[in-house]
Amino acid sequence: MADTSAPGSLDIAEQVTRVLRAIEESQKFVAEQKKLMAEAAKLERDRALAPWQIGLAGMAAGAAFFGAGAAFVKLLGS
């Protein structure tokens, strides 16, 4: 009796191992998909905020040039 049940139990163990391996691969794939989706969302946010960043940087540069000009005029006026 032990000889007849041994091949079946090995076959079932092999099938269980295959199923567990398939589940693990699926979980890895889902994790990779989530990571790629988060990265895509971050890039989309960065793309949406880029015009605002350029505008604020331009305003800061303009303020710096205005301050430098005012300091230069004050220096020459004294």
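Once you place label points 7 Å from the Cα toward the Cβ at Arg18 and Lys35, how far apart are they in nm?
About 2.9 nm, to one decimal.
How far is it, in nm, from the label point at Ala48 to the one at Ala64 when both lie 7 Å from their Cα along the line to the Cβ?
2.9
What is the local net charge at Ala22, summed over the other residues whose Cβ is closer than 14 Å to its Cβ (Lys, Arg +1; Asp, Glu -1)?
Neighbour charge sum, excluding Ala22 itself: 0.
Explain nothing, just the number: dipole magnitude of the chain about its Cα centre with +1 on each Lys and Arg Cβ and -1 on each Asp and Glu Cβ, in debye rounded to the nearest 20.
760
Which label marks the calculated value of Rg and Dmax of the Cα atoms in Å, given the options [x] 33.1, 111; [y] 16.9, 63; [z] 11.7, 34?
Structure-derived value, by its label: [x].
With θ set to phi - 60°, apply the Karplus curve 6.51 cos²θ - 1.76 cosθ + 1.60 along segment 26-43 and write out the HN-Hα couplings as whole Hz, x wherever there is a Gly or Pro.
After applying 6.51 cos²θ - 1.76 cosθ + 1.60, I find 5, 5, 5, 5, 5, 5, 5, 4, 4, 5, 5, 5, 5, 5, 5, 5, 5, 5 Hz.
Residue farthest toward the positive end of the dipole of the chain, with Cβ of Lys/Arg at +1 and Asp/Glu at -1: which of Gln27, Ala63, Ala50?
My answer, from the dipole projection, is Ala63.
Taken together, the values in this text are just the output of simple stated rules run on the coordinates, not laboratory data. None of the values given here were measured: they were computed from a predicted structure. Methodologically, a virtual Cβ is constructed for each residue, glycine included, from the backbone with ideal geometry; neighbour enumeration extends over all protein chains shown.
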